[in-house]
Amino acid sequence: MRRPLHVHRRVPSGLALVLGSLAIAVASAEETATSADDLPASHSVAPQLYATGFAFAEGPTFDRQGNLYVVNYRVIGTIGRITRDGTANILCHLAELAPMENREPRANGLKVDSEGRLIVADSGGGRLLRISLDGEKCEILADRYQGERFRSLNDAALDLAGNIYFTDPGGSSLSNPVGAVYRYNVDTKKVERIDAGLAFPNGLGVTPDQSKLCVCESQRYRLLVYPMSEEGDVGERSVLMEFPKEDDGEIRGGAFEPDGVIFDEAGRLYVAMWTGGVVNVVCPETGKLLRQYDAGGSRATNVHFFGESLYTTVAAKEAVFRLPLGVRGFAYNGPD
């Protein structure tokens, strides 16, 4: 049996008050996460085209100024930046910024950390990277576990202490479940494996109260959950929910693989459903499917909040869409 993983949680001084407030508000947040009263009805929000020109739209994230970063802008292997006034440019070419022999770097999941740096899951290179927001500097945080190279990183997430969680589904499937979930400890600068033997682990995120890690296992069409203690222990996985294969009222069902995820400030989880072209909203306490929204097109890869809108990357449309939901995302990288 896999032993619980322990990581000391270094709490930056600027986050101490935030963590204290979270502890006080846990009960209220859990109650809110089970409700969808403040959300628009399913399929009542029309996606608005926000940006186009992506060879494969994936990994959206925002900095505090409202600049949007998306991978594969114009060509595969780039990271693009779209400013709030709509100006777009290529921030960097990974093959130039962080070249490799025998492998072609290609970013997939992105997040911005508390110090304003891009955390990058390099799918092509099998590396966890940290890139300055001017696109000039790149650090290789990790490229292996216990001497074995990562295969193909998919997505990344942060907890409030700055630790980085990431998935490596490379080559995994139902018949070959070799996918794994890892955590990069910002204190020790070491990688710890949280779980293995998964059929394509994909998007992941830590709940706002820091009590759970949620992970999409795409090829089993389900959402996994791992309990997390205040001391940093990660417990055994359990199945939070299996996504519906059949329609249920306004909820469209089907063999839709869950992809990227993000939490709102109430603790609800938003899941991009790959070929389904929808975003499912899930309560991480009960596994109940609360709402479903049109993503803007098929091959919905990922989601991220800015302001009171949810932004979706849709590979089939080579675009990013905006959904004005009227709720705010959880500030996983600390207060503004």
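The values are calculated or read from the model by the stated rules, or taken from the named source; none is laboratory data. This one's a predicted model, so the numbers in the text were calculated from it and none came from an experiment. Positions of Cβ are generated from backbone atoms using ideal geometry, with glycine treated the same way; all protein chains shown enter the neighbour counts.
Quick rundown of the values:
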| item | result |
| --- | --- |
| Selected residue (only one of Val206, Val181, Val279, Val234 is over 18 Å from the mean Cα position of the chain (by Cα), of a type in the set (A, V, I, L, M) and on the phi < 0 side of the Ramachandran plot) | Val234 |
| Selection status of Gly203, assigned to a strand (DSSP E or B), at pLDDT 95 or above, of a type in the set (Gly, Ala, Ser) and in contact with a Gly (Cβ under 8 Å, 6 or more places away or on another chain) | yes |
| Filter pass, Ala315 being free of Cβ contacts under 8 Å to residues at least 40 places away in the same chain, farther than 15 Å from Ser42 by Cβ and among the small types (Gly, Ala, Ser) | no |
| Extreme residue, surrounded by the fewest Cβ atoms within 10 Å (Cβ to Cβ), among residues of the stretch 306-318 that are within 18 Å of the chain's Cα centre (by Cα) and over 21 Å from Pro208 (Cα atoms) | Ala315 |
| Residue match in the stretch 225-235 (condition: out of contact with any His (no Cβ under 6 Å at 6 or more places or on another chain), closer than 22 Å to Asn163 by Cβ, part of a strand (DSSP E or B) and of a type in the set (S, T, N, Q)) | no |
| Strands (runs of 3 or more DSSP E) lying entirely in the stretch 54-99 (those with 2 or more residues that are at pLDDT 95 or above, surrounded by 14 or more Cβ atoms within 10 Å (Cβ to Cβ) and among the small types (Gly, Ala, Ser)) | 54-62 |
| Condition check for Leu153: part of a loop (DSSP other than H, G, I, E, B), of a type in the set (A, V, I, L, M), touching a residue at least 12 places away in the same chain (Cβ under 8 Å) and crowded, with 16+ Cβ neighbours inside 10 Å | yes |
| Selected residue (criterion: surrounded by the most Cβ atoms within 10 Å (Cβ to Cβ)) from residues of the stretch 159-196 that are among the β-branched types (Val, Ile, Thr), within 28 Å of Glu115 (Cβ to Cβ) and touching a Pro at 6+ places or on another chain (Cβ under 9 Å) | Thr167 |
| Which numbered condition Arg144 misses (of (1) surrounded by 14 or more Cβ atoms within 10 Å (Cβ to Cβ); (2) touching a Gly at 6+ places or on another chain (Cβ under 9 Å)) | (1) |
| Some residue of the stretch 234-247 being in contact (Cβ under 8 Å) with a residue 12 or more places away in the chain, surrounded by fewer than 20 Cβ atoms within 10 Å (Cβ to Cβ) and acidic (Asp, Glu) | yes |
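Residues checked against (1) assigned to a loop (DSSP other than H, G, I, E, B); (2) surrounded by fewer than 24 Cβ atoms within 10 Å (Cβ to Cβ):
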| position | (1), (2) |
| --- | --- |
| Thr275 | yes, yes |
| Pro284 | yes, no |
| Gly287 | yes, yes |
| Arg291 | no, yes |
| His304 | no, no |
| Arg322 | no, yes |
| Asn333 | yes, yes |
